[in-house]
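*Asks:* Questions regarding the structure given below will be posed in turn.
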Amino acid sequence: GCFADFLKLKHYDVDTLKNALDRVTQWYLKEGFWDMKVLKQDFVLREYPGHQQLVLTIDEGQRSYLTALSIECWKELETQGPFSHLQKQDLHIPFDTQLLHDQRQWLLEYFRKQGYFHVEVKPDIQRNHGNVAVTWKVKLGESKVSFGKTVVVGTSRVPFEYIKRELQYHEGQIWDKDALKKTSAKLKNLEIFEGIHIYPDQVTKQEPEKAIMVKLQEDDPFEVRLRGGFALQNFTQQFSVDSLTYMAGGAFIFKNPFNKADQFKVDVDFARGHREVVAEYRLPWLFSQPIQTVFMGYSNKYFQPGFIGSKHNVYATTQHGFLVGFNRKFRAVDVGCNIGFELMNTESVVDKCALVEGVARAINFNKQLFDQSVPSFQLEPTMMIDLLDQQISPTKGLLTLLSLKGLFPLSRSSLNTYSIKALVEQSFFMPFRSVVGALRFRVGHIFHKEFSNIMPIERFYLGGANSLRSYDTDFASPLGSFIGDNGQCQYAPQGGKSMVNLNAELRFPIFKRLGGVVFQDLGALSSDGFATFDPRKVLFGTGFGLRLATPVGPLRFDIAWKLTKPDPSTRSYAWFLTFGQAF
């Protein structure tokens, strides 16, 4: 442990040895040996020429134990925070100086949250042989401090009234440092400021109110982002060659165009399998309410290949629409609703009538709805409850997602394509020392009489880096097939009317920024509802993965194997290389 780096060297290095001895000293201090000393460092010749053995002589001294702990005049705090687990009748633990640091920081934060800006916290340490008694002495300022006026400085075209809306405190409120952090986060989320600095005026001066200085530096109003690259697509076993597909896109952003902390953005993305064009205008408030409002227009096209990586597509779906989205956050609860209109078309990409019928049978889709534009009114309320300790790689907490999406046709000829899609998702994260247990359960159902009248893009699918990792993206059974015009057998996922999916992971560190994962996935789809679920048709994926921490999130590699293969033409495993956790 302490000498691992030193022993790896092929030669003697003074600095590396000093670092090793420092780690030894820190270990002894952590275990309560305050008087520990390194008395001698001897080098003894070994039987091999040029080899020496390092022999350390250490005087450990008397070990110190924490036997008494109290907070003068604040006895009620002795059962809170870092003090709670130390209040035992048999208090007798090795004294670690880190305990003092943690306890002092907690006391400072506690009294500052009570409004005491000026707080002095000192430990009185009494040592009798190996027994240590600690008494904390707290000296508060003359009076509680409250927030005063807010002064905005810097270069910003945003009127003060719009900045004031984002403040997470108000004049006269008892001092709370966390309120300044929350205010900084709210202003940062506007994505129009390059620099944000919030601090109290005249920190050293004792006064009942503290004016708050908000220094803002507005970002450049225009921004252009370009992106491009290649993605690996995996064929099925009968096409066992890896293929590259291009990816290209970009975004144009106009920040604060009307001096309302607003933003206009155009996003364009192209790849072999899709085309997406989205334009949106975002306002952080709706009139006087903190409801984020987004006006969005979009034109998207998605191609469904006959197998992963195939250049021969089975069908394509186009979506043109406009929607207005509303979103409001209440602490850990995020509530939103999208309202809009959409024109959807599922297009056949084959010319022969017989082939169109084959495609329709393969995906279990009403042939009469092919190449028919369906105008619909859509309504999509959502609610998310976020109780995670962090967003990118959570270690504890839970996340709940509830969504309901209704599509209601506006033409008589397509009235039977209505659908109401419900999804419930629940995730749990539990730490076990350095290992994190992660569990996610998803269940969804589409309320509709005839499965064949549900638009393919609105159905549930399984398979891919974020659901059932032993199957390629969306290619979990049931699959349909037909003979294409090239004479090859084409496969297409049918999706499901009902879906269940369970993912369980154990995440653990390996070395520095590299971590590992072992996981078990399972899921099932049904075209007739939950009543027809057959346990024998539940699909499984067992595998492992690696996680490399990067500034933009974990780089993830996962590989999983099927326990059984419903279709002998598919391979027994799938692998994925992407960014972000699976859930």
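*Asks:* Could you tell me which of the residues K139, K164, K149 is at pLDDT 90 or above, open to solvent by 90 Å² or more (accessible area, probe 1.4 Å), more than 26 Å from E31 (Cα to Cα) and outside any strand (DSSP E or B)?
*Replies:* On inspection, the qualifying residue turns out to be K164.
*Asks:* Output the residues belonging to the range 428-447 that are open to solvent by 30 Å² or more (accessible area, probe 1.4 Å) and β-branched (V, I, T). Write out each step before concluding.
*Replies:* So in the range 428-447, the residues open to solvent by 30 Å² or more (accessible area, probe 1.4 Å) come out as 428, 430-435, 439, 441-443, 445, 447.
If the condition is that a residue be open to solvent by 30 Å² or more (accessible area, probe 1.4 Å) and β-branched (V, I, T), then V435, V443 are the ones that fit.
*Asks:* Right, next: Which pairs have Cβ atoms under 7 Å, sit 6 or more apart or on different chains, and link a residue in the range 170-187 that is hydrophobic (A, V, I, L, M, F, W, C) to one that is assigned to a helix (DSSP H, G or I) and open to solvent by 40 Å² or more (accessible area, probe 1.4 Å)?
*Replies:* Final answer for the pair search is W175/R112.
*Asks:* Does A560 qualify as being open to solvent by 30 Å² or more (accessible area, probe 1.4 Å), among the small types (G, A, S) and closer than 28 Å to I392 by Cβ?
*Replies:* No, not satisfied.
*Asks:* So which residues in the range 259-287 are in a strand (DSSP E or B), within 19 Å of F222 (Cβ to Cβ) and of a type in the set (G, A, S), if there are any at all?
*Replies:* Correct list: A279 only.
*Asks:* If you check F557 against the conditions, is it hydrophobic (A, V, I, L, M, F, W, C) and over 30 Å from F365 (Cβ atoms)? Show your work before the answer.
*Replies:* Values: hydrophobic (A, V, I, L, M, F, W, C): yes; over 30 Å from F365 (Cβ atoms): yes.
Yes; evaluated as a whole, the condition is true for this residue.
*Asks:* Next up: Consider Q490 carefully, then state whether it is more than 27 Å from the chain's Cα centre (by Cα) and in a strand (DSSP E or B).
*Replies:* Numbers: more than 27 Å from the chain's Cα centre (by Cα): yes; in a strand (DSSP E or B): yes.
The answer is yes for Q490.
*Asks:* Here's another thing I want to ask about it. Identify all residues within the range 401-427 that are buried (at least 16 other Cβ atoms within 10 Å of the Cβ), more than 26 Å from P375 (Cα to Cα) and free of Cβ contacts under 8 Å to residues at least 40 places away in the same chain; write none if there are none.
*Replies:* Listed by number, the residues that qualify are L401, E425.
*Asks:* So for the range 73-86 (the condition being among the hydroxyl-bearing types (S, T, Y), out of contact with any Cys (no Cβ under 7 Å at 6 or more places or on another chain), surrounded by fewer than 16 Cβ atoms within 10 Å (Cβ to Cβ) and within 30 Å of E142 (Cα to Cα)), does at least one residue qualify?
*Replies:* Yes, the range 73-86 contains at least one residue that is among the hydroxyl-bearing types (S, T, Y), out of contact with any Cys (no Cβ under 7 Å at 6 or more places or on another chain), surrounded by fewer than 16 Cβ atoms within 10 Å (Cβ to Cβ) and within 30 Å of E142 (Cα to Cα).
*Asks:* Does the range 17-40 hold any residues that are open to solvent by less than 70 Å² (accessible area, probe 1.4 Å), aromatic (F, W, Y) and either without any contact (Cβ under 8 Å) to a residue 12 or more places away in the chain or in a loop (DSSP other than H, G, I, E, B) (or both), and which are they?
*Replies:* Scanning the range 17-40 gives a single hit, F33.
*Asks:* In the range 448-459, which residues are open to solvent by 40 Å² or more (accessible area, probe 1.4 Å) and either under 13 Å from F583 (Cβ atoms) or not aliphatic (A, V, I, L, M) (or both)? Walk me through how you get there before you give the answer.
*Replies:* Of the residues in the range 448-459, the ones open to solvent by 40 Å² or more (accessible area, probe 1.4 Å) are 449-450, 457.
Selection gives K449, E450.
*Asks:* Do you know which of the residues in the range 373-400 that are in a strand (DSSP E or B), open to solvent by 30 Å² or more (accessible area, probe 1.4 Å) and of a type in the set (S, T, Y) is modelled with the lowest pLDDT?
*Replies:* In this case the residue turns out to be S373.
*Asks:* Something else about it: Can you name the number of the only condition in (1) open to solvent by 30 Å² or more (accessible area, probe 1.4 Å); (2) at pLDDT 95 or above that N466 fails?
*Replies:* (2)
*Asks:* Would you confirm whether or not the range 478-499 contains a residue that is crowded, with 16+ Cβ neighbours inside 10 Å and within 21 Å of T578 (Cα to Cα)?
*Replies:* No, there is no match, as no residue in the range 478-499 is crowded, with 16+ Cβ neighbours inside 10 Å and within 21 Å of T578 (Cα to Cα).
*Asks:* Out of the residues in the range 512-541 that are of a type in the set (D, E, K, R) and open to solvent by 50 Å² or more (accessible area, probe 1.4 Å), which is nearest to R459 (Cα to Cα)?
*Replies:* So the residue we want is D528.
*Asks:* Here is a follow-up. Among the numbered criteria (1) open to solvent by less than 10 Å² (accessible area, probe 1.4 Å); (2) closer than 30 Å to G1 by Cα; (3) in contact with a Gly (Cβ under 6 Å, 6 or more places away or on another chain), which single criterion is violated by P509?
*Replies:* With respect to (1) open to solvent by less than 10 Å² (accessible area, probe 1.4 Å); (2) closer than 30 Å to G1 by Cα; (3) in contact with a Gly (Cβ under 6 Å, 6 or more places away or on another chain), P509 is out only on (1).
*Asks:* Hey, another quick one. Of (1) touching a helix residue (DSSP H, G or I) at 6+ places or on another chain (Cβ under 7 Å); (2) outside any strand (DSSP E or B), E171 satisfies all except one. Which?
*Replies:* (1)
*Asks:* For the range 123-143, give me each residue that is closer than 23 Å to E207 by Cα and without any contact (Cβ under 8 Å) to a residue 24 or more places away in the chain.
*Replies:* Residue satisfying the conditions is K139 alone.
The values are calculated or read from the model by the stated rules, or taken from the named source; none is laboratory data. Note that the structure is predicted; figures quoted are calculated from it, not measured. Cβ: placed from backbone, ideal geometry, glycine included. Neighbour counts: every protein chain shown. In case anyone asks, the SASA skips ligands and DNA or RNA and just uses the protein heavy atoms, side chains included. Shrake-Rupley method; radii C 1.70, N 1.55, O 1.52, S 1.80 Å.
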